[in-house]
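Here's the structure we're looking at; comments come further down.
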Amino acid sequence: MTTILQIDSSITGEASVSRQLTNATVEQLARQQGNVRLIKRDLVASPLSHLTLGGSGDADVLDEFLAADTVVIGAPMYNFSVPSQLKAWIDRILVAGQTFRYGANGPEGLAGNKRVIVAISRGGFYDEGNAFEHVETYLKGVLNFIGVTPEFVHADGIAVGPEQREAGLANGLGEVERLAA
Ligand SMILES: Cc1cc2nc3c(=O)[nH]c(=O)nc-3n(C[C@H](O)[C@H](O)[C@H](O)COP(=O)(O)O)c2cc1C
């Protein structure tokens, strides 16, 4: 039995490209791995609050992450970064002593036993090094920080036009199909 945690953060519901990709990813993993327990966290249907000083009372969010073998994260680009709903989730996951610690050699990630797959959907096209790209670079950075090497699938050009939308989605679904078992 393996536990998959699916995190969605798109506000566009049925029309969401990132949600199509996270669903396809979970289906693919379930086909490959068989006995799967799926936990879904929809950060739009049930938003987390901003952090406040003195604790959030959201230890269940961290526990759910720690207990998952695989985490599938839907990450649409909103104003060049992740949705604030997803940022609020990350704020519950990066916790000193739980997912990272500061040792003699600097920060050390503690969540390296997890597989994390991130499904990115972006309206435009972002070559590597594009100064406006703060979704993939940001998530790679924070996940590396906690010891995880994430895998990414991408749907790009979604807002350029209907043809590009279709091609972008097809590209993302193709990347999902090629995910390793
Ligand atoms: C509020 C909002 C902000 C957006 N900002 C950007 C942006 O800065 N850059 C970009 O390329 N696309 C932007 N887009 C387009 C989305 O990234 C694109 O539509 C993507 O498919 C969204 O993922 P979703 O289909 O899962 O909702 C934005 C869309 C919305 C709704």
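One chain, two ends: D42 and A67. Fully extended at 0.36 nm per residue, the span grows by 7.3 nm beyond their Cα-Cα distance. Estimated at 0.36 nm per residue, the fully extended path between N79 and A104 surpasses their Cα-Cα distance by 5.3 nm. Entry note: the chain has Rg to Rh equal to 0.96, where both radii use alpha-carbon atoms and Rh is the Kirkwood radius.
Each peptide among 88-95, 45-52, 151-158 gets the average number of other Cβ atoms lying within 10 Å of its residues, and from highest to lowest they stand as 151-158, 88-95, 45-52. The magnitude of the dipole of segment 2-177, with charges of +1 and -1 set on the Cβ of Lys/Arg and Asp/Glu and taken from the Cα centre, is near 380 debye.
Computed over the alpha-carbon pairs of segment 100-181, the distance histogram in 10 Å steps reads 17, 38, 30, 12, 3, 0 percent, short to long.
None of the figures in this text is laboratory data; all of them are computed from the coordinates on show. Nothing here was measured: the structure is a model prediction, and the numbers come from that model. Glycine also receives a Cβ, built like all others from the backbone with ideal geometry; neighbour counts cover every protein chain displayed.
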